[in-house]
Structure formats: structure tokens, C-alpha cells
1. If I filter the range 72-81 for residues that are modelled with pLDDT under 80 and either aromatic (Phe, Trp, Tyr) or not assigned by TED's automatic domain parsing to the domain that holds ALA143 (or both), do I get at least one hit?
2. Would it be correct to say that ILE141 is at pLDDT below 85, part of a strand (DSSP E or B) and closer than 18 Å to THR93 by Cα?
3. Is it true that some residue in the range 107-114 is within 13 Å of the chain's Cα centre (by Cα), closer than 16 Å to SER30 by Cα and polar (S, T, N, Q)?
4. Got at least one residue in the range 28-35 being in a helix (DSSP H, G or I) and either at pLDDT 85 or above or closer than 19 Å to GLY105 by Cβ (or both)?
5. Just for strands (runs of 3 or more DSSP E) wholly inside the range 70-130: which have at least 3 residues that are in contact (Cβ under 8 Å) with a residue 24 or more places away in the chain and under 20 Å from ALA143 (Cα atoms)?
6. For the structure I just gave you, tell me whether VAL115 is of a type in the set (Val, Ile, Thr), modelled with pLDDT of 80 or more, buried (at least 20 other Cβ atoms within 10 Å of the Cβ) and outside the structural domain of SER144 (by TED's automatic domain parsing).
Amino acid sequence: MVVFPVPFRGAGVVGDRGGGAVHEVHESISLSPLLRRSTAALCVVLGIVLVIVCGFAAIVEHDPAGYVGAVLSAVLSFGLAAYMWKVRVIITTDVERVSIALSPGLRQVFRWDEVVSATAVHIGMGSGIGYRMTGPGMRVILASPGAGVRFRLHDGREISVATDRRDELIELARRRALDLQ
């Protein structure tokens, strides 16, 4: 399966781009604009504060390690801000499997024949964005809170994702999953 992260919330079938299966659903969900800006701003402000503190310590103590700390603080905080700006959830399906990825980063892939139920849920912000383990075998992949789908699998895992295309995913699960309840 070929996955192409695209910066749109397109509807319909996304065609094959050379050698892979045709995707039935392909959605790229970025952070809400307010959340993206506020998270990136927090990282930048934190970085500036750390640079000032480390730089001040380096000047007062005449210690070159303070300068290294200032540079590392700047690189890490601005890198984290860039990561938060780029983070998105990518949902891709084909006739055999579902892939839900927190990009750049983690991915959950399961086959349609593993799905026992697909239910409509509302996913709140809870403990924040990202990939969350909310209990034994329970995963939530979230970029923006709202309407979503919870997939329960044969092995007991539950994977939830917020998406505007909830009804489309549930209907697809009804058609593809053999043991759907």
C-alpha cells in the first residue's frame, strides 16, 4: 500500500500512484489552527526562556557549558515547535486493511477481517493530541477532537480516531469486516 500524506480533506477515491492498491479513504487531519499556533508559540517562548537562562548562567559563571546548553535549548525547542506544526493524523484504507498514522511518527495498521465492531464516538481533548494509550489494548490517535470511530478488534484492542468522515468509515467497515457486530 502506498500512502501519500496530502494537506487536504478530500472526499472520494484516491487513485493508485504506481503499484499499490486503490485507496478507498485517504484523509489527512492536521491540528486545528488555534491549537497549532498556540502549541508552536509555547515551544518558541519556552526555547527563548531557556536560551536566556543558559546564556545568563554562561556569562555570569564564565562557563562554556552554559553556551552549549543555550544552543541545545534553542535547537530542541524550535525543533519541537516545527514538529508540532507538521503533526497530522493520516487515515488510509484499501480492500484489505486500515492504516491510521500519527505523522510524522507512529502507525496502527489492522486488517478488515480483524474488526469486530466499528462504532461512532465523540473524542474529547482529554489529555491532549497525539497517540495515547488509554488502557490495556486501547489506543486513541488524535489531531483534533470531535466525531470519531472506535474500532474493536478480535484480539481485544480498541483503536479510536477522530475524523469528519466517521459515517463513511463505519459504512466501509460494514462492507469489509466479516464479523462486524
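1. Step one: list which residues in the range 72-81 are modelled with pLDDT under 80, which gives none.
No, the conditions are met nowhere in the range 72-81.
2. On the way: at pLDDT below 85: yes; part of a strand (DSSP E or B): yes; closer than 18 Å to THR93 by Cα: yes.
Judged against the criteria, ILE141 is a match.
3. Taking the range 107-114 as the starting set, the residues that turn out to be within 13 Å of the chain's Cα centre (by Cα) are 107-108.
Now narrow it down to the ones that are closer than 16 Å to SER30 by Cα: 107.
Those left that are additionally polar (S, T, N, Q): none.
Looking for residues that are within 13 Å of the chain's Cα centre (by Cα), closer than 16 Å to SER30 by Cα and polar (S, T, N, Q), one finds none in the range 107-114, hence no.
4. At the first step, the residues of the range 28-35 found to be in a helix (DSSP H, G or I) are 33-35.
Then drop every residue that is not either at pLDDT 85 or above or closer than 19 Å to GLY105 by Cβ (or both), which leaves 35.
Yes, because at least one residue in the range 28-35 is in a helix (DSSP H, G or I) and either at pLDDT 85 or above or closer than 19 Å to GLY105 by Cβ (or both).
5. Working: elements: 88-93, 97-103, 107-111, 115-123.
Per the criteria, 88-93, 97-103, 115-123.
6. Details: of a type in the set (Val, Ile, Thr): yes; modelled with pLDDT of 80 or more: yes; buried (at least 20 other Cβ atoms within 10 Å of the Cβ): yes; outside the structural domain of SER144 (by TED's automatic domain parsing): no.
When the stated conditions are applied, VAL115 does not pass them.
The values are calculated or read from the model by the stated rules, or taken from the named source; none is laboratory data. Model, not experiment: these values are computed from the prediction. We place every Cβ from the backbone using ideal geometry, glycine too, and count neighbours over all the protein chains shown.
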